[in-house]
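Everything below concerns the one structure shown next.
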Amino acid sequence: MKLAAGGHTIGLLTLTRGDAGLWLGKAFGSWSPSELAAERATEWAAAVGCVGFGWSRLLRYPDGGLKDAPADVITADIVQAIREVRPDVVCTFGPEGAGSEHDDHRSTSYFAARAFARAALADQYPERGDPHLARRLFFSATPYVAEMPAAFGATTPTHVIDVSEFERRKAEAFECHKTQHKDRDFFYDLLKRRQGKEYFHLAIDRTGGAPRSDDLLG
């Protein structure tokens with residue numbers, strides 16, 4: 001949201017539709033995975049609109065099964081997205097799974113880093129567009145807080161971004177995901193503890209400069 005407000009194009013690539021999860025408010029067995037996938041795709045589209053992504057794509061890799069996805073196929077899909085959007089910066093989960101140690105998050109981090117490198121090479125997936133050299137790869141990060149379970153193994157921040165003016169819209173985007181409101185208390189507790197800040201870890205920097213710690217582009 002902050003980048004978009006500054007005139008930048010922001011894009012979102014999501015790999016699964018969350019069809020292996022739970023549906024808050026409906027008993028397990030009263031709906032099928034395909035019904036949940038359709039509902040979550042609708043919620044995802046609403047959140048995309050709320051955030052203001054100029055480019056977005058929702059893929060259909062199996063929820064809970066990304067670690068078993070064919071590496072070349074999923075890498076090619078992410079390479080294509082990078083070559084279409086042609087970003088300066090790519091952000092993804094940390095290799096530990098963004099603090100949650102979720103295997104899908106871990107796998108997404110691996111595939112995104114793999115595609116980040118290959119998107120710049122002309123001999124890699126030439127059928128997926130012209131090469132693009134993105135400048136930086138960031139992982140989502142979390143400051144260490146000893147009493148919080150999510151802190152175990154969380155990636156250490158190198159960048160702290162002030163997003164306080166967008167907190168209300170961030171909450172509105174979360175509220176779009178009604179099937180996942182079981183995590184509502186956790187989300188608002190996290191929002192409060194972060195005090196208007198978002199955290200990132202600079203994993204790869206191709207700029208050759210001295211990066212500022214308060215700007216993903218500077």
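Things worth noting here:
- Of interest is the spacing of the C-alpha centroids, which for region 166-218 and region 34-68 amounts to 18 Å.
- Largest to smallest principal axis extent of the C-alpha atoms in region 173-218, angstrom: 43, 21, 15
- Annotation: for a label point projected 7 angstrom from Cα along Cα→Cβ of residue 84, residues of region 1-35 with backbone N closer than 11 Å are 12-14.
- Backbone N under 16 Å from the residue 207 label point (7 Å along Cα→Cβ), restricted to region 156-188: 158-162
- Region 75-171: radius of gyration over Cα atoms, expressed as a fraction of 2.2 N^0.38 Å: 1.24
- Amide H to amide H distances under 5 Å link residue 10 with 54, 55, where only residues 5 or more positions off or on other chains count and H is placed in the peptide plane.
- Relative contact order (percent, whole number), the chain, Cα cutoff 8 Å, 6+ residue spacing: 22 percent
- Taking every lysine pair in the chain that is 8 or more places apart or spans two chains, those with Cα atoms closer than 17 Å amount to 7.
- Taking the DSSP bridge list for the chain and keeping only pairs wholly inside it, about 50 percent are antiparallel.
- Computed from phi, the 3J(HN,Hα) profile of region 19-36 under the Karplus parametrisation 6.51, -1.76, 1.60 (θ = phi - 60°) reads 6, 9, x, 10, 10, 4, x, 10, 5, 4, x, 8, 8, 9, x, 5, 5, 5 Hz, with x in place of Gly and Pro.
- Loop-resident GluC sites (Glu not before Pro) (DSSP state other than H, G, I, E or B) in region 71-142 with no more than 16 further Cβ atoms inside 10 Å of their Cβ: 101.
- Global form of region 43-82, assessed from the alpha-carbon gyration tensor, a/c cut-off 1.5: oblate
- Pairs of C-alpha atoms in region 1-155 farther apart than 21 Å represent 53 percent of all such pairs.
- Loop trypsin sites (Lys or Arg not before Pro), region 16-79, which have at most 15 other Cβ atoms in a 10 Å radius of their Cβ (DSSP): 26
- Global geometry of region 57-104, whether rounded, prolate or oblate, following the gyration tensor of its Cα atoms and the 1.5 cut on a/c: oblate
- Distance between modelled label sites at residue 133 and residue 175, nm, 7 Å Cα→Cβ extension: 4.5 nm
Read-outs: derived from the displayed coordinates by stated rules, not from any lab. Since the structure is predicted, the reported quantities are computational estimates derived from the model, not experimental observations. Every residue, glycine among them, receives a Cβ derived from its backbone with ideal geometry; neighbour counts consider all protein chains shown.
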